[in-house]
Amino acid sequence: RRDPRTMSIASDAQQMIEVARSEGIETVWDRLEAQQPQCGFCVLGVSCRNCAMGPCRVDPFGAGPQKGVCGAGADVIVARNLGRTIAAGSSSHSDHGRDILEVFAATAHGETTGYRIQDVGKLTRLAAELGIPTEDRTTTQVAVDLADRLMDDFGTRRASLSFVERSPKPRQELWDRLGVTPRGIDRENVEMLHRTHMGVDNDPVNILLHGLRTSLADGWGGSMIATELSDIMFGTPSPVMSTVNLGTLKPGWVNIALHGHNPMLSDVIVQAAEDPALVDRARELGAEGINLVGLCCTGNELLMRRGVPMAGNHLMQELAIMTGALEAMVVDYQCIMPSVTDVARCYHTVVISTADKARFPGAVHVSFDPGRGLEIGRDIVSRGVEAFANRNPDRVRIPDEPVEIMAGFSVEAILGALGGTPAPLVEAIADGRIRGAVGVVGCNNPKITQDYGHVTLTRRLIENDILVLVTGCAAVANGKAGQMVPAAASLAGPGLRATCEALGIPPVLHMGSCVDNTRILVLAAALADHLGVDMSQLPLAGAAPEWYSEKAVAIGAYVVASGITTVLGVDPPILGSAAVTGLLTSGLDDVVGAKFAVEADPEKAAVLIRRHIEGKRAALGLPA
Ligand code: SF4
Ligand code: WCC
Ligand code: FE2
């Protein structure tokens, strides 16, 4: 059997994998093994089931068929598949953004309970940015107009999304020249589905260009709306200390994990968990109190804004239940494995689904309704509390002590720490104390030793004076490894270390959930504008060392389309087309000033990124 140390570098995971084995409970790693060998055609992206004349496969060795029944060759099939993947990822983020927007609109109209406009300053700034009058107007009036305006961004009425104007002018002009300026968020996604229907867009390059536009509708559209409106409703994050790993579960307490992506419900659950009646009930049942923890990005949203402890990233969701100490796992949507209800059946854990669009057979469904937000929050917490009575103390195994983590680095917080302007950061980069910055983001994938890619790449980058910005499951990985406390400055090279120590910040900054990758875009745009250059000229890079999700593909695409070269640690299914692979890993550089690279070994990825950053520095005339 596989040594757990080859499955995860995190000791909480290693211990729980042993528990899973001794209890005979299947995990994501077992199922990956059972899938071997995975389909070689699908790995290369040369299989298509877009119509009923198929499914078709192109023989990558050239001996068998080179065309599907319709006549599509490998290039078209790979490009279409990639296009649909981007659309799925972009749609996921954007539909999340729309859900937030609808609750924001309802809150503006006074139709919700448990919600309010928390950051009025940000509301006013955003409204002013979009040309909405703010003077002598109530918060409600401004919020109603802002909601209205952003709803237009989803549709067909606009020629360009509102937030496109946040990108540097040269970038906007480039997108216009290429015809990839995103118009409507839904429109670009629907158009991608249309184009990839049999017999529509048969030009792989044309499909890929629309792929960029579709991804930009996510990065500068749906995701950005999700981030900005979440800040307005739930508060703009500022630095906060908390803890991370499965040790955040507490033995004598009612433990409730909030898993998924949308802060909409989880935020009211945090309010509900403070309800004295529920806390009293928990005590009546013999618990010390109610302990909320996060998983995946719902966890990141709560960690960033409220300092709620983080139980783990993607591959920890099954293992968290196996601690026997979890009363309830509350899920909204995205990245929630269907297997969690199977694992929960072996324990007393109740899985509570909350989104009507994401149902889980075997879960209790409590339908989310923002009009009764608090009431529903209380109902959910109360189900977790009652489940405590069913806990079997003999089965409780909580591995490890929690590790400290600092989170909360919104762009506002970073600029605030710098005195309100990007100038000090630009100066540090210009004089070489900081060589550049890299966004290390994305998932866990059982094909990669869990957290190894994130933690190793990050370690090498900070050692070499490169500031690391993290979101999503990457942030949780680095947090568990102790890289995200101010004392971790000692792990950084001398220039980065001195800067971090002066500011009291870690060398790895937690910027939030996956939709919050848009914070990195906004920061990159601010740096570029300050220097009067395009984002593609900056010493920046992106990396997704352990990505698994369609959303990660959309993120990678919008980051590259925004001019930031990105290194992937897992092969995307495109290698069956030399033309598409060549375009993405080289040709794109001439088109958008950035490209993709694939490097599974994080040590080598670090070298590649350092070379890239030094190349950008040299081109800007910055000291070597
Ligand atoms: Fe086959 Fe073409 Fe249909 Fe795809 S669209 S399944 S390649 S016939
Ligand atoms: Ni975002 Fe990736 Fe985690 Fe899911 S939670 S697993 S998309 S990084
Ligand atoms: Fe297949």
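The values are calculated or read from the model by the stated rules, or taken from the named source; none is laboratory data. Here the structure is a predicted model, which means the values were calculated and not measured. Don't worry about glycine lacking a Cβ; one is built from the backbone with ideal geometry, like all the others, and counts go over all protein chains shown. Areas reflect the complete protein model, heavy atoms only, side chains present, ligands, DNA and RNA absent. Shrake-Rupley method; radii C 1.70, N 1.55, O 1.52, S 1.80 Å.
What residue, among those in the range 302-353 that are within 16 Å of ligand 2 (Cβ to nearest atom) and of a type in the set (D, E), is nearest to P251 (Cα to Cα)? Please lay out each step first, then the result.
Initial filter on the range 302-353 (within 16 Å of ligand 2 (Cβ to nearest atom)): 302-304, 308, 310-320, 329-340.
Filter once more, so that each one left must be of a type in the set (D, E): 318, 332.
Details: E318: 18, D332: 25 Å.
The extreme case among them is E318.
Determine, yes or no, whether M224 is crowded, with 18+ Cβ neighbours inside 10 Å, in a helix (DSSP H, G or I), in contact (Cβ under 8 Å) with a residue 12 or more places away in the chain and in contact with a His (Cβ under 7 Å, 6 or more places away or on another chain). Walk me through it before giving the result.
Numbers: crowded, with 18+ Cβ neighbours inside 10 Å: yes; in a helix (DSSP H, G or I): yes; in contact (Cβ under 8 Å) with a residue 12 or more places away in the chain: yes; in contact with a His (Cβ under 7 Å, 6 or more places away or on another chain): no.
No, not satisfied.
Restricting to the range 283-317, name every residue that is charged (D, E, K, R) and either in a loop (DSSP other than H, G, I, E, B) or crowded, with 24+ Cβ neighbours inside 10 Å (or both).
E288, E301, R305
Can you tell me which residues in the range 136-157 are among the aliphatic types (A, V, I, L, M) and farther than 17 Å from D218 by Cα?
V142, A143, V144, L146, A147 - these are the residues of the range 136-157 that are among the aliphatic types (A, V, I, L, M) and farther than 17 Å from D218 by Cα.
Within the range 520-542, can one find any residue that is in the same structural domain as R611 (by TED's automatic domain parsing), of a type in the set (G, A, S) and within 16 Å of ligand 2 (Cβ to nearest atom)?
Yes: one or more hits.
Scan the range 171-200 residue by residue and report those that are free of Cβ contacts under 8 Å to residues at least 60 places away in the same chain and not in a helix (DSSP H, G or I).
If the condition is that a residue be free of Cβ contacts under 8 Å to residues at least 60 places away in the same chain and not in a helix (DSSP H, G or I), then G179, T181, P182, R183, G184, V200 are the ones that fit.
Does the range 441-449 include one or more residues that are touching a residue at least 12 places away in the same chain (Cβ under 8 Å) and not in a loop (DSSP other than H, G, I, E, B)?
no
Among residues belonging to the range 5-31 that are open to solvent by less than 40 Å² (accessible area, probe 1.4 Å) and among the hydroxyl-bearing types (S, T, Y), point out the one that is farthest from M322 (Cα to Cα).
Top of the filtered list is S8.
Looking at (1) in a loop (DSSP other than H, G, I, E, B); (2) within 23 Å of P182 (Cβ to Cβ), find the lone condition where Y115 falls short.
(2)
Can A487 be described as surrounded by fewer than 19 Cβ atoms within 10 Å (Cβ to Cβ) and away from ligand 2 (no atom under 15 Å from the Cβ)?
Judged against the criteria, A487 is a match.
Which numbered condition in (1) touching an Asp or Glu at 6+ places or on another chain (Cβ under 8 Å); (2) in a helix (DSSP H, G or I) is the only one that P65 fails?
The single condition P65 does not satisfy is (2).
Tell me yes or no: at least one residue of the range 321-341 is outside any loop (DSSP other than H, G, I, E, B) and either of a type in the set (D, E, K, R) or modelled with pLDDT under 95 (or both).
No - not one qualifying residue is present in the range 321-341.
Let me spell it out: the conditions are (1) under 18 Å from N313 (Cα atoms); (2) at pLDDT 95 or above, and S266 meets all of them except one. Which number is the exception?
S266 satisfies every listed condition except (2).
When you look at A474, is it at pLDDT 95 or above, surrounded by 24 or more Cβ atoms within 10 Å (Cβ to Cβ), of a type in the set (G, A, S) and more than 16 Å from ligand 2 (Cβ to nearest atom), yes or no?
no
Of all helices (runs of 4 or more DSSP H) completely enclosed by the range 343-438, which ones contain at least 2 residues that are touching a helix residue (DSSP H, G or I) at 6+ places or on another chain (Cβ under 6 Å) and open to solvent by 50 Å² or more (accessible area, probe 1.4 Å)?
none
Between a first residue in the range 40-54 that is without any contact (Cβ under 8 Å) to a residue 24 or more places away in the chain and a second residue that is crowded, with 18+ Cβ neighbours inside 10 Å, which pairs have beta carbons less than 6 Å apart while being 6 or more apart in sequence or on different chains?
G54/C48; G54/G68
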